[in-house]
Amino acid sequence: MIESNASAPTGLTGTPRRVQTNLAFNASTYLGLALTIAFIVAFGFGQTLNSAVVHPKFTPPGILYVHIGMFSAWVLLLATQAALIRFNRRKWHRQLGFAGIALGVSMPVVGVATAILMAHFHAATGQPRGVSSLAVPFSDMLAFGTAFSLAIYWRRNPAFHARLMLLASCTLTGAAFGRFPEWLVPNHFFYVAVEMLVILAMSLDWLSTRRIHPVFGYGLPSLAAIHATAMWLFIAAPPAWVTLAQAILGTT
């Protein structure tokens with residue numbers, strides 16, 4: 001069941017009550033999850049790195065390289081911050097956190113801009129994709145932005161902050177899972193893989209705390225709802241969403 005005692009937040013805009021000490025995320029487990037996310041990203045994007053980035057048939061817009069650099073930096077930052085906590089370098093962790101805030105604030109803006117410009121790029125190079133597919137990167141940025149914002153709001157509550165940062169990072173793995181070989185992640189099942197990653201984190205957390213922390217208890221179903229909506233918009237392509245997406249792209 002979801003822990004609802006002193007660890008539960010008073011609301012999305014309220015200050016959470018103090019979390020019990022035994023609900024702190026195990027530092028070694030957290031570092032292992034951060035490294036797992038780094039591996040997922042490296043393996044997934046490694047499948048298309050040469051053809052899409054290193055030796056592309058057509059040179060993509062420069063913002064793609066900015067996007068790659070920023071999102072790679074986020075994953076490295078997550079692993080570094082987890083290692084600093086694991087080895088009790090909390091002062092360094094706090095100092096590096098300011099860079100993390102600046103990076104995290106910029107990522108949704110760059111992510112949305114990259115999605116729009118890449119849609120134009122694919123159309124111009126004879127690789128058009130349905131405009132409804134914009135739902136996927138937009139939903140990723142919505143999920144990341146929400147979890148990240150809450151993590152910063154509750155940055156003085158380590159138990160909430162750590163789990164929210166981990167959840168935010170998990171939301172970024174969808175694109176990597178989408179590039180996995182189909183025998184590992186079937187087509188259109190990349191969001192299922194993301195949710196399984198969150199369930200893994202929640203399960204490992206439960207093993208040490210014997211509680212489902214509110215971040216996972218509320219975060220996982222919220223993330224699943226965002227994913228389900230995005231996939232419906234992408235696959236079903238309802239006319240209202242297609243019209244809106246065309247307006248965003250300026251193709252109406």
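Coordinate-derived values only; no laboratory data. Quick caveat: nothing in here was measured; it's all calculated off a predicted structure. So basically every Cβ, Gly included, is an ideal-geometry build from the backbone, and we count neighbours across all protein chains shown.
When only alpha carbons are used to place a centre, the range 106-123 and the range 205-252 end up 18 Å from one another. Where a ≥ b ≥ c are the square roots of the eigenvalues of the C-alpha gyration tensor, would you call the range 84-216 rounded, which needs a/c under 1.5, or, failing that, prolate if a/b is larger than b/c, or oblate? Oblate. For the range 119-185, the list of trypsin sites (Lys or Arg not before Pro) that fall in a loop by DSSP and count at most 14 other C-beta atoms within 10 angstrom reads 129, 156. Compared with the direct C-alpha span, the chain from residue 149 to residue 246 gains 32.1 nm at full extension, assuming 0.36 nm per residue. Amide H contacts of residue 212: 3, each under 5 Å away and 5 or more positions distant or on a separate chain (H built 1.01 Å from N in the peptide plane; Pro and chain starts excluded).
Once the Cα atoms are used to define both axes, helix 27-46 deviates from the longest principal axis of the chain by about 10 degrees.
Between residue 156 and residue 76, full extension at 0.36 nm per residue minus the direct alpha carbon distance yields a gain of 26.6 nm. For the peptides 108-121, 41-54, residues were scored by their other Cβ atoms within 10 Å and the scores averaged per peptide; the highest-first order is 108-121, 41-54. Suppose a student asked you for the relative contact order of the range 24-249, using Cα pairs under 8 Å spaced at least 6 residues apart; what percent would you report? Once divided by the residue count of the range 24-249, the mean separation gives 26 percent.
Helix 62-86 and the longest principal axis of the Cα set of the chain meet at an angle near 10°.
Could you tell me whether the range 176-238 comes out rounded, prolate or oblate from its Cα gyration tensor? Rule is a ≥ b ≥ c as square roots of the eigenvalues, rounded for a/c under 1.5, then prolate if a/b exceeds b/c, otherwise oblate. It would help to have the intermediate numbers written out before the result.
Numbers: a/c = 4.71, a/b = 1.59, b/c = 2.96.
Here the range 176-238 falls in the oblate category.
Want the number for residue 187 to residue 224: 0.36 nm per residue separation, take away the alpha-carbon distance, what's left?
Values: separation 37, 0.36 × 37 = 13.32 nm, distance 1.75 nm.
Working it through step by step, the gained length comes to 11.6 nm.
Packing around the peptides 219-227, 190-198, taken as the average count of other Cβ atoms within 10 Å per residue, puts them in this order, highest first: 190-198, 219-227.
The rule of thumb for compact globular proteins, 2.2 N^0.38 Å, goes into the C-alpha radius of gyration of the chain 1.04 times. Since only 28, 149, 190 are under comparison, the one whose Cα sits farthest along the positive direction of the charge dipole of the range 24-249, derived from C-beta charges on Lys, Arg, Asp and Glu, is 28.
On the basis of the beta-carbon distance and an R0 of 25 Å, residue 29 and residue 105 show a calculated FRET efficiency of 0.35.
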